[in-house]
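The values are calculated or read from the model by the stated rules, or taken from the named source; none is laboratory data. What you are looking at is a predicted structure, and each value in this text was computed from that prediction instead of being measured. Cβ atoms come from the backbone with ideal geometry, glycine included; neighbour counts cover every protein chain shown. When the accessible area is computed, the model is the full protein with side chains, heavy atoms only, and any ligands, DNA or RNA have been set aside. Shrake-Rupley method; radii C 1.70, N 1.55, O 1.52, S 1.80 Å.
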Amino acid sequence: MTQFIQLLEQGKQTIEDELLAGLNASCAHTSPKFLYDALGSKLFEAICELPEYYPTRTEAEIFSRHARDIAQSIGAGATLIDLGAGNCAKAARLFPQLQPAQYVAVDISVEFLHEAVSRLQHRFPAIDMVAVGMDFSTELALPDSVREENRLFFYPGSSIGNFMPEQALAFLRHLKEACTQDGYGGGGLLIGVDLLKDKSILDAAYDDALGVTASFNLNLLLHLNRLLDADFDVRAWRHRGFFNRQLSRIEMYLEATSKQTVRWTGGMRCFEQGERIHTENSYKYTQQDFINLLTQAGFNNVRFWSDPQQWFMVCHAQAA
Ligand code: AVI
């Protein structure tokens, strides 16, 4: 029977403190995790369907083209831990080839996982399943019912790109430790990584013609209004998303289109016309730079698969 477990959720005060520290900083900023309220998650799903947003379909092509090879590299009987599982669709496509012994779906709230994991358990009754609600970017202590043998962390979609490189390294190190804790070996990491490419392709992917990415970014203001009881006027802001070559990253901002004062619980800030809130980075790696990062984090025997244009790669790295 599937287990559903919610671990400690961040308290309202912690969330407010984090947001206010960012909004009051000289260069205002917010963590990308605040882009994903219920509407933000739907808008992100829509982004994944856009012609300009190549990562989702390119990664899916790599998985379907190389499924056998990837499954062989991993071996059967893994404890498949899906970080940011959402609708669980990406992991589910691997089940027939991979034949995991246990599937662990992890997302920020176990509520998001209920329907998807229940449906999946029905389709694959022989696989033991656990759904866990936790913020895995800050904490990786999994419940006792998660098997310690042969842990394979699955982190697709190039979400690793949303960490600063030093945070990405620290996160990868944590994953490596979580694979090998208590002397268990045999585990590893299966990860999707977006690769460095032409600026024009990257710019279009994060500033699409339909304006879906703009809506995704602007929706953050509605989320902030709810979280902070703030009065951001969405119409007084615009989306900016572009590739910064020097830092090898997409930068997303919300830019004030006029001078304005925004009020929130216990404070306010005056934004000048053109002043920005930095809402997301999305780092783009070269194959070699990312493999080096995995090695620095303690992983070894890295194998990778890419598409013919080399726009994206999927890596399997061993922990032991
Ligand atoms: C979730 N993450 C990998 C996406 C990315 O490409 O960095 C988020 C995103 N932001 C704008 N478009 C997509």
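Quick notes on this one:
- The angle between the Cα long axis of helix 89-98 and the main principal axis of the chain comes to about 10°, on a 0 to 90 degree scale.
- For K12, the aspartates and glutamates whose Cα comes closer than 13 Å to its Cα, not counting residues fewer than 8 places off in the same chain, are D229.
- Summed over the residues of the chain and divided among them, the accessible surface reaches 46 Å² per residue at a probe radius of 1.4 Å.
- Relative contact order of the range 262-320: 22 percent, from C-alpha pairs under 8 Å at least 6 residues apart in sequence.
- Student exercise, the chain dipole from Lys, Arg, Asp, Glu Cβ charges, in Debye to nearest 20: 540
- Relative packing of peptides 12-20, 31-39 - highest average C-beta neighbours within 10 Å first: 31-39, 12-20
- Overall form of the range 203-272 per C-alpha gyration tensor (a/c, 1.5; a/b vs b/c): prolate
- Derived scalar couplings between HN and Hα for the range 124-133 equal 10, x, 7, 8, 5, 10, 10, 10, 10, x Hz in order, rounded to whole Hz, by the Karplus curve 6.51 cos²θ - 1.76 cosθ + 1.60 (θ = phi - 60°), x for Gly and Pro.
- On full extension, the segment bounded by L20 and F4 gains 2.5 nm, given 0.36 nm per residue less the C-alpha separation.
- Expected 222 nm ellipticity per residue - DSSP helices of 4 or more, -39500 (n - 2.57), all of the chain, to 500: -11500 deg cm²/dmol
- Other residues whose C-beta falls under 14 angstrom from the C-beta of A131 contribute a net charge of -4, scoring Lys and Arg +1 and Asp and Glu -1.
- Shape category assigned to the chain from the gyration tensor of Cα positions, a/c cut at 1.5: prolate
- Taken along its three principal axes, the alpha carbon spread of the range 50-91 comes to 36, 23, 11 Å, from the longest extent down to the shortest.
- D144-Q273 FRET efficiency (beta carbon distance; Förster radius 41 Å; 0.05 resolution): 0.15
- Prolate/oblate/rounded label for the range 1-45 (Cα gyration tensor, a/c 1.5): oblate
- Check: the range 18-102 dipole with +1 on Lys, Arg Cβ and -1 on Asp, Glu Cβ, in debye: 220
- Cα-based helix-to-principal-axis angle, 12-24 vs the chain, degrees rounded to 10: 60
- Centre separation in Å (Cα based) which lies between the range 116-184 and the range 53-90: 14
- When the solvent-accessible area of the range 49-199 is split by element, carbon and sulfur atoms take up 49 percent of it, the probe being 1.4 Å.
- Per-residue 3J(HN,Hα) values for the range 237-247, derived from phi via the Karplus relation 6.51 cos²θ - 1.76 cosθ + 1.60 with θ = phi - 60°, read 9, 10, 7, 10, x, 7, 8, 9, 4, 4, 9 Hz in sequence order (x marks Gly and Pro).
- Nearest-ten-degree value, helix 165-180 long axis tilted from longest Cα axis of the chain: 30
- When the chain is treated as a GNM with alpha-carbon contacts under 10 Å, the residue of C48, C179, C27 showing the greatest mean-square fluctuation is C27.
- Mean projection of the Cα convex hull over all viewing directions, computed for the range 213-320: 9.9 nm².
- For the range 216-223, Karplus couplings with θ = phi - 60° (6.51, -1.76, 1.60), whole Hz, Gly/Pro x: 4, 6, 5, 4, 3, 5, 5, 5
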